[in-house]
Amino acid sequence: MTDQQALVKLKGIRKKYDHEVLNIASLALKKGQIYGLIGPSGAGKSTLLRIINLLTPPDSGSLYFHGIPAPLNGTARLTLQRKMALVFQKTLLFRDSVWNNVAYGLRARNYSHKQIELKVGPLLEQVGMEHLAHRRADTLSGGEAQRVAIARAVAFDPKLLLLDEPTANLDPRNIEIIENMITGLSRERHMTVVMVTHNVFQARRIADEVIFLDKGNIVEMGSAEKIFTNPDQEKTRLYVEGRMIY
């Protein structure tokens with residue numbers, strides 16, 4: 001895949017705090033694919049999401065979007081960030097209605113009232129929250145709140161959606177709803193999704209490709225089918241079988 005064919009490409013990305021937490025020689029993400037990012041705690045998964053989202057600068061290396069080097073500061077950086085969305089595990093919603101939470105990013109981007117109406121209503125229907133449109137968001141259950149957070153993130157049609165364990169600690173029904181949301185939104189909008197998950201079964205269910213990260217390094221990357229049935233690396237096999245010793 002060339003730089004121009006990749007939505008996002010990372011080259012020589014390194015990040016160190018008290019120790020090196022990330023060392024990515026090369027990573028390319030294609031448009032319209034769902035990537036499952038798996039690995040043990042401390043592998044560098046969340047740091048990788050933050051670097052891709054330009055929230056955390058790497059110590060070295062380069063990021064490219066559509067083959068163009070990503071600006072790491074200034075107005076150009078903010079412009080690029082506005083084409084992406086990052087949803088954290090802990091949902092942060094405003095103490096306002098569900099409707100206003102989903103509309104927030106659109107208002108910040110100066111969408112007209114009519115444009116907001118045309119986007120928010122159908123999106124709330126798609127995520128099964130239209131009946132709670134006027135409910136205060138801080139009264140929702142965990143699963144409902146996460147659905148609103150994802151709806152808010154995709155309301156402005158980002159090219160890249162980054163999810164940090166979006167279904168952690170949720171009940172099976174809400175997990176199913178959110179997984180269906182993610183796959184449906186990706187397919188309908190041709191949106192690239194990178195989802196961190198500790199649930200390898202979830203990665204197998206919804207990811208087109210899986211990235212196995214350990215100690216800041218990509219151990220293996222490939223189709224979900226290959227990673228879970230015929231991985232190249234023994235460490236990958238042990239991890240997906242739940243037998244990797246940390």
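No value in this document is a laboratory result; all are computed from the given coordinates. Because the structure is a prediction, the values reported are computed rather than measured. Note that we place each Cβ from the backbone using ideal geometry, even for glycine, and neighbour counts take in every protein chain shown.
The alpha carbons of the chain give a radius of gyration and a Dmax of 18.1, 55 Å, in that order.
Where both bridge residues fall in region 6-240, DSSP classifies roughly 60% of the beta bridges as antiparallel.
Comparing 184, 44, 36, which has the greatest mean-square fluctuation in the GNM of the chain with Cα pairs linked when under 10 Å apart? Greatest mean-square fluctuation among the candidates belongs to 184. In whole Å, what is the distance between the alpha-carbon centres of region 114-128 and region 129-147? Centre-to-centre distance over Cα atoms comes out at 14 Å.
Measuring from centroid to centroid over Cα atoms, what is the spacing of region 201-246 and region 162-190 in Å? The two parts, judged by their Cα centres, are 20 Å apart. Relative contact order of the chain, taken over Cα pairs closer than 8 Å and 6 or more residues apart, is 27 percent. Among the trypsin sites (Lys or Arg not before Pro) in region 89-136, those located in a DSSP loop and surrounded by at most 15 other Cβ atoms within 10 Å of their own Cβ are 90, 95, 109, 135.
Taking other C-beta atoms within 10 angstrom as a stand-in for reagent exposure, 17, 239 fall in the order 17, 239, fewest first.
With both labels modelled 7 Å from their Cα along Cα-to-Cβ, the residue 89 to residue 187 distance reads 2.9 nm. On the basis of the beta-carbon distance and an R0 of 25 Å, residue 75 and residue 31 show a calculated FRET efficiency of 0.50. Helical runs (DSSP H, four residues minimum) scored at -39500 (n - 2.57) apiece and divided by the length of the chain put the mean residue ellipticity at 222 nm at -11000 deg cm²/dmol. Taken about its Cα centre, region 6-240 carries a charge dipole of about 720 debye when Lys and Arg each add +1 at the Cβ and Asp and Glu each add -1 at the Cβ.
For the peptides 218-230, 188-200, the ranking by mean Cβ contacts within 10 Å, running from highest to lowest, is 188-200, 218-230. Each residue, residue 109 and residue 141, gets one label point 7 Å from its Cα in the Cβ direction; the gap between the two is 3.0 nm.
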